[in-house]
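Chemist: Here you go, one structure.
A short reminder: the numbers here are calculations on the coordinates, not readings from a lab. Given the structure is predicted, the values throughout are model-derived calculations rather than measurements. A quick note on method: Cβ atoms are made from the backbone with ideal geometry, for glycine too, and the neighbour counts reach across all protein chains shown.
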Number of protein chains: 2
Amino acid sequence: MEVQIAVAKVNKYATSESGDTLEVVERPNGGLSVVLADGQTSGRGAKAISQMVVRKVIGLLAEGVRDGAAARAASDALFTDKQGKVICTLNIASLDLHSGTIVLTRNNPSPMFVCRGEQIDRLGEESVPLGISRNVRPLITEIPVEPGLIIVVYTDGLTHAGERRGQPIDVSETLRSLLDDQSPSPQALADSLLAQAVGLDDNRPADDISVLVIKVTSRDGDNVRRMTVRLPIEGNRRA
Amino acid sequence: MEVQIAVAKVNKYATSESGDTLEVVERPNGGLSVVLADGQTSGRGAKAISQMVVRKVIGLLAEGVRDGAAARAASDALFTDKQGKVICTLNIASLDLHSGTIVLTRNNPSPMFVCRGEQIDRLGEESVPLGISRNVRPLITEIPVEPGLIIVVYTDGLTHAGERRGQPIDVSETLRSLLDDQSPSPQALADSLLAQAVGLDDNRPADDISVLVIKVTSRDGDNVRRMTVRLPIEGNRRA
């Protein structure tokens, strides 16, 4: 099998810095974790918050702390620092090679989607962001790694796309039509979801948007790990 | 312009864990850094060392510490911990959007290559790994970001490929023939260099091998950041 992870990420229109931070870290006992945080508001302040949260979580995961405990610790740290005045959403998607599962941790009102073949499940249970109060609990979902599995995670910039002109995005429907295609790559899925959202915002995203897609394939090739990052730089743009 | 980063990474034959650790981190003032470390020997012990070094460096970079200072700090920490008995190579490649440059930091006897058009420069000045003594100095090279620039960085598994059967790889020559092709993608370059090395080792790599390729293109498309990770999982394989 092969686990493929793809990310597409864009800044709020005319903002040089994204409030979303996404990083990938190796787990000390094998596998890796993708950590995605979205700090309240946008621009430099939001970036500092989401970077602080991601850094905290990654540091703990690297020490072998479990995902849920890492999320709680980051929430406590944020609450202590900001007294509940600043919040930050968090998603962790971990490939755990010991248990052969993908562990999804969510402190984010935005739902996640889990797709297998024709079946598209929306995981939309109520979930609160980090830093909103003491004792914030993450929602944790554990899914066996098997070929055909597709997981879609995103920040609220996607959820709110199109609202400005009264045409909010229907993520579930968009996903269904994308999956009708011949086995789309995770990057194609992430790119298409993002493009749909940006289009609904008249190409001027109303918020930072990050889309993460994980796909498990039955590919049985070499044992090479691969990573590609593509970073547009134009003028003084940062993300 | 667009900066594209590609990595291809394989474990030593019959080893479940790579002694090489590679991570990407956002820089607090814009841009990102790729940090690659290769711990002495292979397997679990080497992994712990290279992870410790990468974690130390990434933590410092995230605080805004400059690359050279981060490398020195990691070396001092390793020397203090292991009294010079364990060493670790380090390469940092940073895209600094403020200065518009790529900053290459090297504590690794293995050279790097910088290519522009037909010109292939081998940066092979003597450089010692971290942890070998007090006051280890990194070599730092700063290169303006411009379309056509290609940078190739790797761990010594590539350098030593083929030595077992007396046919060591000629990285410079391999690179020249690859660059003769019609503008190869950085992933194609990394994959081809790795495949060449693995082939010379009779498909049983004698060491962990990591290849990092950075390419600057004049691509003027959307402002979307993209990332793809591909992780083969077969049996209990970890990397």
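Chemist: Over all directions, average the projected area of the Cα convex hull of segment A:107-239 and note it in nm². Mind showing how you got there, number by number?
Modeler: On the way: hull surface 44.0 nm².
Here the figure is 11.0 nm², rounded to one decimal.
Chemist: While we're on this one: What number does segment A:1-69 give for Rg over Rh if you use C-alpha atoms and the Kirkwood radius?
Modeler: Using only Cα positions, Rg/Rh for segment A:1-69 is 1.04.
Chemist: Taking only Cα atoms and a 10 Å spring cutoff, compute GNM fluctuations for chain A and point out the largest among A:GLN167, A:GLN51, A:GLN187.
Modeler: A:GLN167
Chemist: What fraction, in whole percent, of alpha-carbon pairs in segment B:1-131 exceed 17 Å separation?
Modeler: More than 17 Å apart: 59 percent of the Cα pairs in segment B:1-131.
Chemist: Follow-up. Look at the axis of the rotation that sends chain B onto chain A, then give the chain B residue with the nearest Cβ and the distance in whole Å.
Modeler: B:THR228, 2
Chemist: Among the lysines, select those whose C-alpha is under 28 Å from the C-alpha of B:LYS9, and discard any that sit fewer than 8 residues away in the same chain.
Modeler: Output for B:LYS9: A:LYS9, A:LYS56, A:LYS215, B:LYS47, B:LYS56, B:LYS82, B:LYS85, B:LYS215.
Chemist: Label-to-label distances across copies for B:GLY64, with labels 7 Å out along Cα→Cβ, in nm, shortest first?
Modeler: Values, ascending and in nm: 3.5.
Chemist: Please report how far the C-alpha centroid of segment B:188-239 lies from that of segment A:17-38, rounded to the nearest whole angstrom.
Modeler: Between the Cα centres of segment B:188-239 and segment A:17-38 lies a distance of 20 Å.
Chemist: Taking the Cα centre of the protein assembly as shown as origin, work out the dipole magnitude from +1 charges on Lys and Arg Cβ and -1 charges on Asp and Glu Cβ, in debye rounded to 20. Walk me through the numbers on the way to the answer.
Modeler: Numbers: 54 positive and 62 negative charges, 263 e Å.
In debye, rounded to 20, the protein assembly as shown gives about 1260.
Chemist: Right, something else. How are the C-alpha pair distances of segment B:120-193 spread across 10 Å bins, as whole percents from the shortest bin up?
Modeler: 13, 40, 34, 12, 1
Chemist: Along each of the three principal axes of the Cα atoms of chain A, give the extent in whole Å, ordering the values from largest to smallest.
Modeler: Per principal axis, max minus min of the Cα coordinates gives 48, 43, 37 Å.
Chemist: Arranged by the count of other C-beta atoms within 10 angstrom, fewest first, what order do A:HIS160, A:HIS98 take?
Modeler: Fewest-to-most ranking of A:HIS160, A:HIS98: A:HIS98, A:HIS160.
Chemist: Please compute the average number of Cβ atoms from other chains found within 10 Å of each residue's Cβ in peptide A:210-216.
Modeler: 1
Chemist: Something else: Can you put B:VAL136, A:VAL198 in order, fewest other beta carbons within 10 Å first?
Modeler: B:VAL136, A:VAL198
Chemist: Grab the DSSP H runs of chain A that are 4 residues or longer, score each as -39,500 (n - 2.57), total them, divide by all residues and round the 222 nm result to the nearest 500 deg cm²/dmol.
Modeler: Calculated at 222 nm, the ellipticity per residue is -8500 deg cm²/dmol.
Chemist: Take chain A, connect every pair of alpha-carbon atoms lying under 10 Å apart with a spring to form a Gaussian network, then pick out the residue of A:GLY221, A:GLY31, A:GLY117 with the largest mean-square fluctuation.
Modeler: The residue with the greatest mean-square fluctuation here is A:GLY221.
Chemist: Same structure, new question: If you consider only alpha-carbon coordinates, what radius of gyration and Dmax does the protein assembly as shown have, in Å?
Modeler: Looking at the protein assembly as shown, its Cα Rg and Dmax stand at 21.5, 69 Å.
Chemist: Between B:ALA73 and A:MET1, what is the label-to-label distance in nm when each label sits 7 Å out along the Cα-to-Cβ direction?
Modeler: Rounded to a tenth, the inter-label distance reads 3.9 nm.
Chemist: Still on this structure, I have one more. Would you work out the charge dipole size for segment A:1-146 about its Cα centre, treating the Cβ of every Lys and Arg as +1 and the Cβ of every Asp and Glu as -1, and quote it to the nearest 20 debye?
Modeler: Numbers: 16 positive and 17 negative charges, 134 e Å.
Charge dipole, segment A:1-146, about its Cα centre: 640 debye, nearest 20.
Chemist: Given N residues in segment B:153-213, what is Rg(Cα) / (2.2 N^0.38 Å)? Could you put the intermediate results ahead of the total?
Modeler: On the way: Rg = 11.0 Å, N = 61, 2.2 N^0.38 = 10.5 Å.
With N residues counted in segment B:153-213, Rg over 2.2 N^0.38 Å equals 1.05.
Chemist: State the three equivalent ellipsoid semi-axes of segment B:182-239, derived from the C-alpha gyration tensor as the square roots of 5 times its eigenvalues, in descending order and whole Å.
Modeler: In descending order the semi-axes read 28, 17, 8 Å.
Chemist: Which residue fluctuates the most in chain B, going by a Gaussian network model with Cα springs under 10 Å, if the choices are B:ALA69, B:ALA190, B:ALA46?
Modeler: Per the Cα network of chain B with a 10 Å cutoff, B:ALA69 tops the list.
Chemist: With an 8 Å Cα cut-off and a minimum separation of 6 or more residues, compute the relative contact order for chain A in percent.
Modeler: Relative contact order, chain A: 26 percent.
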